[in-house]
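The structure under discussion appears below in the form of structure tokens.
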Amino acid sequence: MSLFRRNAEDRARRERDERDRRAQADRDRRDREDRDRRDREDRERDRRDREDRSRFR
């Protein structure tokens, strides 16, 4: 295999790996944001439920 071809394949592999890493980081960030949003919504719902229960006692 020529040196030029090997360098081109190595570069393509590095670029693909970097794209994969970035895509995974984006997925992780979106998952984390979704989880944080759900947690916030759950806490807000729990707080409203507690307020409603205390109001009707």
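Read-outs: derived from the displayed coordinates by stated rules, not from any lab. Just so it is clear, the model here is predicted, and its values are computed rather than measured. In this analysis, Cβ positions are derived from the backbone assuming ideal geometry, glycine residues included, and neighbour counts consider all displayed protein chains.
For the chain, the longest principal axis of the Cα atoms and the long axis of helix 3-55 meet at an angle of about 0 degrees.
For residue 20 and residue 49, FRET efficiency with R0 = 30 Å and r from the beta-carbon atoms, rounded to 0.05?
Details: r = 43 Å, r/R0 = 1.43.
Here the calculated transfer efficiency is 0.10.
At full extension, residue 40 and residue 1 could sit 8.4 nm farther apart than now, given 0.36 nm per residue minus the alpha carbon distance.
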